[in-house]
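One structure below.
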Amino acid sequence: GCVLHAFEIDPEPIKRIQHIFDARPSWAIHNWGIGAEDDANGKIKTMRTIMKDLGHSKVDFVKMDIEGKEYEVVETLPGLNILEMVIELHNPTFQQMLRLTRTLDGMGLQVFAREANTLASRVEDATQGHSCCFEFSFTRVEG
């Protein structure tokens, strides 16, 4: 069956949703954040460390919303066996997008969908309807 692992560094949201995870035996929420490198106190871990700690050699699906840190985290993913990803990109520049898509393409992951997240707006842009965030979906393309 499917096993779901969620990661949230802030303990407050975990307190609000822990009951949802408790009701599902194959779901777990961990009080860690994902980052480009492991920190000394174990609160931030790389995807590589998380996969090792949880005993996974492959991840079927990753949903990443890490408030602007996604660009540096993606740089650490080559060599990992990830089949699909949805990443919320925060205020992407052309150069960030180019680097990110090239990195993921090198892993065999290609964009198949994108959309603006109109619910997440920078405060200064909210009155003008500008979105600060875009969700990009990537899937493994074989061959």
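The table below gives the values:
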quantity	calculated
Cα gyration tensor shape for the range 1-69, rounded if a/c is under 1.5, else prolate or oblate	oblate
Protection proxy ranking of 59-67, 5-13 - average other beta-carbon atoms within 10 Å, highest first	59-67, 5-13
The chain - share of DSSP beta bridges that are antiparallel (%, nearest 5)	60
Calculated FRET efficiency for the pair residue 41/residue 139, C-beta based, R₀ 25 Å, to 0.05	0.10
Sorted peptide list for 83-92, 27-36, criterion being average Cβ within 10 angstrom, highest first	83-92, 27-36
Residue-span extension gain [residue 111 to residue 52] - 0.36 nm each, minus C-alpha spacing	18.6 nm
Structure-derived semi-axes √(5λ) of the Cα gyration tensor in Å: which label, when the choices are (1) 132, 14, 6; (2) 24, 21, 15; (3) 23, 17, 16	(2)
Sparse-neighbour loop sites [trypsin sites (Lys or Arg not before Pro); the range 68-110; at most 16 other C-beta within 10 Å; DSSP]	69
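Only the coordinates and a few stated rules stand behind these numbers; no lab work does. Please read these numbers as outputs of a predicted model, since none were measured by experiment. All Cβ positions, glycine included, derive from the backbone under ideal geometry; neighbour counts span all protein chains shown.
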